[in-house]
Amino acid sequence: MPKMKTKSGAKKRFKFLGSGMVKRTRSHLRHILTKKTTKQKRNLRGTVLISATDIKRVRAMMPTQ
């Protein structure tokens, strides 16, 4: 049986933590930044955890985890 391939886009976007949770970066911080307030841009920095309902979907895209 052939190896299962990971979705390479998902591989770049998600990281698995030791606790089984998945972290991701926030979106909307790449372009059209002039109309966004400083507070908006500051709050979009950093990483957040994926909701529990989406973890199953992310694991399907990355079968190695």
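Read-outs throughout are calculated quantities, based only on the coordinates presented, and are distinct from any laboratory measurement. Here the structure is a predicted model, which means the values were calculated and not measured. Counting neighbours? That spans all protein chains shown, and the Cβs are built from the backbone with ideal geometry, glycine included.
Annotations for the structure displayed:
- Of the residues making up the range 53-63, not a single one is farther than 30 Å from P2 by Cα and surrounded by fewer than 10 Cβ atoms within 10 Å (Cβ to Cβ).
- Answer residue from the range 1-14, given it is basic (K, R) and touching a residue at least 12 places away in the same chain (Cβ under 8 Å) and is surrounded by the fewest Cβ atoms within 10 Å (Cβ to Cβ) among those: K11
- Residues of the range 21-41 satisfying the condition of being exposed (fewer than 10 other Cβ atoms within 10 Å of the Cβ) and either over 11 Å from the mean Cα position of the chain (by Cα) or in contact (Cβ under 8 Å) with a residue 24 or more places away in the chain (or both): R30, H31, I32, T34, K35, T37, T38, K39
- The selection criterion, being of a type in the set (A, V, I, L, M, F, W, C) and surrounded by fewer than 10 Cβ atoms within 10 Å (Cβ to Cβ), holds for L17.
- Tally, over the range 5-22, of residues that are closer than 14 Å to V48 by Cβ and not in a helix (DSSP H, G or I): 5
- Test: residue in the range 17-24 that is β-branched (V, I, T) and farther than 14 Å from M62 by Cα: no
- Scanning the range 35-65 for residues that are β-branched (V, I, T) and either assigned to a loop (DSSP other than H, G, I, E, B) or touching a Leu at 6+ places or on another chain (Cβ under 8 Å) (or both) gives T37, I50, T64.
- Of all the criteria given as (1) out of contact with any helix residue (DSSP H, G or I) (no Cβ under 9 Å at 6 or more places or on another chain); (2) in contact (Cβ under 8 Å) with a residue 24 or more places away in the chain, the one not satisfied by K56 is (2).
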